[in-house]
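Values quoted throughout were computed directly from the atomic coordinates according to the rules given, and no laboratory measurement underlies them. All values derive from a computational prediction rather than experimental measurement. Counting neighbours? That spans all protein chains shown, and the Cβs are built from the backbone with ideal geometry, glycine included.
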Amino acid sequence: MVHNLDLSGYSIRTDLALEAHELVTEQGAAPDLLSGVELVTDDAEPGIKVTRLHVKNEEAGRAIGKLPGRYLTIEVPKLRDNDTAIEEQVARRFTKEFAAFLQELGITEDKKALVVGLGNWNVTPDALGPMVVENLLVTRHLFTLAPESVEEGYREVSALSPGVLGITGIETSEIVFGVVEKSKPDFVICIDALASRALHRVNTTIQISDTGIHPGSGVGNKRKAIDQETMGVPVIAIGVPTVVFASTIVNDAITYLLGHFGQSLKEKDRAFNKLAMSALPERKEPYTEEDLPDPEARKTFMGLVGSLPEQEKLQLIHEVLRPLGQDLVVTPKEVDDFIEGVANVLATGLNRALHRAVDGKNSAAYTH
């Protein structure tokens, strides 16, 4: 059955273009609506999955609820483990992908960059941008005041953490525009925390896009965009989902329960009602349709809610929680360690990608 989807009810639930595309695909959108969307997946490197999504035109953008442009998503399930070896692996891959992204946009080594760390430094899950800026190698002042001391292989980079409207009383886009107007960078890089529609992508995913960013959009705060149209120069957005809505957690919990029941039913050598953790089969995340019980079994386990399609179930939960003010924005308890770790990953990757003279041997000198 073909559906023409209205994603407006889900727009605040995900900042990830990959998830928006998945949402439309799961609901059986007409193929012609997605003909302008090109998606390529690369999972050749163990533990890292890279997805390149190109929204080619306005019609395709409306179909998935995202602006036309290029979106690159790096998924690393073990990124939330706070493992330095994994973080270094991700930093290397991020460097490679971001440098290639700059090349695709025609941004050469002599172009000047302004890096903007969006977010509220007083709120841990929203402090990603400011923490990345703290670890960046900024060089604009050296090019201006002591150009003779700048060696070959370094780019002119400036950085800014403008805060949020509640701190400054000024729209973030206005602050950034004023800085762009005076400092005249050739391109802008914005870094921000995002919201996801899936638990398994929180603290495990990095998105790069050339469509700019709307500060606060992930949690429903509609602010003026920071993009090429408003700034006058190309704007590259980098984001990591650090929060998820309570309705998403409830929805995913129901799916996990059904997946648990489905996998348990398939176990030949275990009794269904065995509850000891040592007796449980190994679980995977996320569950797919093949992992779930058949529709009749779902209805037996979870009643009417269990028989609803995924997005109808999510919409029902959202409709119940939102009027009560209970559709909270939630972050994992380990967010403190994660934010510090992923901020170092992004800063290390940016320092290497922006400055040819910075590599794996000396990049640690610029971060802390």
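List of remarks:
- Inter-probe distance in nm under a simple model that places probes 7 Å from Cα toward Cβ, at E109 and K56: 3.4
- With Cα atoms, 0 to 90° folded angle of helix 310-321 axis to the chain main axis: 80
- Calculated log₁₀ intensity ratio I(q)/I(0) where the Debye formula runs over C-alpha points of the stretch 325-364, q = 0.14, 0.16, 0.22 Å⁻¹: -0.47, -0.54, -0.72
- Cα long-axis angle, helix 335-354 against the chain (0 to 90 degrees, to the nearest 10): 50
- Between the Cα long axis of helix 172-183 and the first principal axis of the chain there is an angle of about 30°, rounded to the nearest 10.
- FRET efficiency, 1/(1 + (r/R0)^6) with R0 56 Å, evaluated for L145 and A297 via beta carbons: 0.20
- Annotation for E290 and T168: the two label points, set 7 Å from Cα along the Cα-Cβ direction, are 5.0 nm apart.
- Separation of the K224 and E334 label points, Cα + 7 Å toward Cβ, nm: 4.0
- Max mean-square fluctuation residue, GNM over the chain, Cα-Cα springs under 10 Å, options E109, E340, E26: E26
- Nearby aspartates and glutamates by direct alpha-carbon distance to K66 (threshold 19 angstrom, same-chain neighbours under 8 apart not counted): D6, D15, E19, E22, E26, D32, E38, E58, D192, D210, D227, E229
- Given K112/K184; K266/K299; K96/K224; K78/K361, the pairs whose alpha carbons are separated by over 20 Å: K96/K224; K78/K361
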